[in-house]
Amino acid sequence: MTHSARDSWGSRAGFVLAAAGSAVGLGNLWKFPYITWNNDGGAFVVVYLLAVVFIGLPLMMSEILVGRSTQLSPVPAFAKLGGRLWSGVGWLGVASGAVIQSYYMVIAGWSLSSFVQCLGWTFKGYSLPPDGAFDAFLSNGPLQIGLTLIFTLLTAFIVYRGIGGGIENATKVLMPALLIILLYLVFTTLTMEGRNQALAEIFIPDFSELGKEGFLEAMGQAFFSLSLGLGAMVAYGSYMGKKESIFKSALWVVVLDTVVALLCCIAMFTIIFSVPGLENRVSGSTIGMLFITLPELFYTEMPGGFLLGPLFFVLVAFAALTSTISLGEVTTSLLIDRKGWSRVRATLVTTSVVFVGSILAALSLGANGLLSSFTVFEGKAGVLSTLDHLAANWMLPTGGFLITLFVGWKLGRKFCLEELGLEKPNPAFTVWLWIVRIVAPAAVLILLINVFMGKDFS
Ligand code: PHE
């Protein structure tokens, strides 16, 4: 591969926006609120925030550092700095990326159908969907596959066009738009009566409610939401200029991602606690929380909601797209950098392989009995939930564990100092280094071992 063939970001805002585009996605809008709900909030949110600060931020800096110093995609980047053995970290990341992409496309497809549904409501008037409507939607196999296919093709098209081909420009407009609508959403929900109950549920911790599986999910969610542990930030960091501050860029991404997740959670919980009957409707399929709760708000409470409803789901689709692009980039850039394939060929091959997984995931929501009931992890029935649990809670943390060890011990102090643009260590650097060397990997390892051995913390 030649470096001159690589695009690079136009500015620091370019990197931050694209990386935030990768981070902010269905993980924030769809997954965080519903798993926070399933884990009874409070304590779960505290563990999540600790994981973001003590594992997420230092790991994000580590990944960017590896990418920027090599200007390569993950597998060759780890191979170059660490030799063949370490390139395994890159391969694990590619596998995680492919697994996540396969089921992520299915959920992303739901944003398209919600958009169409909202258009209908906007023009023909809102009517409360009957109980069980969402489950019926989930078990419609051909519809699920069709929506997934549309999303897959959209992603493939953009990955094929490459980093410079519009991702950056689109993100610059659409990310702030998403943030503004979210703020308006939260602002409106704060006038609703369920507000206090929602805030208490999210922010008042009760550790007796959180089992070890909850700890694992909170940590896994931090990896998933920040796009860490699979080398996505290595890939994006490889397009970053040498003059940018890795710390500041990473901090921006982490803060934006966390704020968006919390805002979504506040909005959705408040709606659930305010609208009579909604709690029942949601609890049957919490997985559909995003798509069930918000239309209530748009069409019954919110001034201008009939316009914002469809627009919001376009933005959800867009947020998902900027994430699927980064997942696609991990797998595609491997084939380009390693095999010297053209972008078209690499994109076609990765897209087709991933789509096979997507079909299985799409049929596992009720359409096919076997695929829907198949259970590996307790309480996670079906292909989609299994893949999600496997990737977010096991593969990404394992990848993150190895990456922190790699950067902390194998690359070591001198290398990191230079790459971070420091002449000599300052206190912040020393703290970071020891978190990367000891704190982050130990935290991940202890948790994984405990869950694996079936030990409870209490
Ligand atoms: N962070 C993305 C989200 O929150 C998902 C993702 C995970 C994207 C891993 C890339 C890599 O939706």
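The values are calculated or read from the model by the stated rules, or taken from the named source; none is laboratory data. Being a predicted model, the structure only gives us computed values, none of them experimental. Calculation scope for accessible area: heavy atoms of the full protein, side chains included, ligands and nucleic acids excluded. Shrake-Rupley method; radii C 1.70, N 1.55, O 1.52, S 1.80 Å.
Annotations for the structure displayed:
- Computed 3J(HN,Hα) for segment 116-123, one whole-Hz value per residue from the Karplus formula 6.51 cos²θ - 1.76 cosθ + 1.60 where θ = phi - 60°, is 5, 4, 5, 4, x, 5, 4, 8, glycine and proline marked x.
- Our estimate of slack between PHE452 and GLU193, defined as 0.36 nm per intervening residue step minus the Cα-Cα distance, is 89.0 nm.
- Equivalent ellipsoid semi-axes, segment 90-231, via Cα gyration tensor eigenvalues times 5, rooted, Å: 28, 26, 20
- Relative contact order (%) - the chain, alpha-carbon pairs under 8 angstrom, separation at least six: 34
- Over the chain, DSSP H runs of length four or greater, each weighted -39,500 (n - 2.57), average out per residue to a 222 nm ellipticity of -23000 deg cm²/dmol.
- The mean accessible area for residues of the chain, using a 1.4 Å probe and ignoring ligands and nucleic acids, is 39 Å² per residue.
- For segment 315-354 versus segment 406-423, the gap between their alpha-carbon centres in whole angstrom: 30
- Taking the three principal axes of the alpha carbon atoms in the chain, the coordinate ranges are 61, 51, 43 Å, sorted in descending order.
- Sequence-distant aspartates and glutamates (8 or more away, or on other chains) whose Cα lies within less than 19 Å of LYS339: ASP7, GLU329
- Straight-line cross-link reach from LYS414 at under 26 Å between alpha-carbon atoms covers these lysines, not counting any fewer than eight positions away in the same chain: LYS80, LYS242, LYS243, LYS248, LYS424.
- Protein accessible area in the chain, 1.4 Å probe - carbon and sulfur %: 66
- For LYS31, a cut-off of 21 angstrom between C-alpha atoms picks up these lysines, skipping any fewer than 8 places away in its own chain: LYS212, LYS380.
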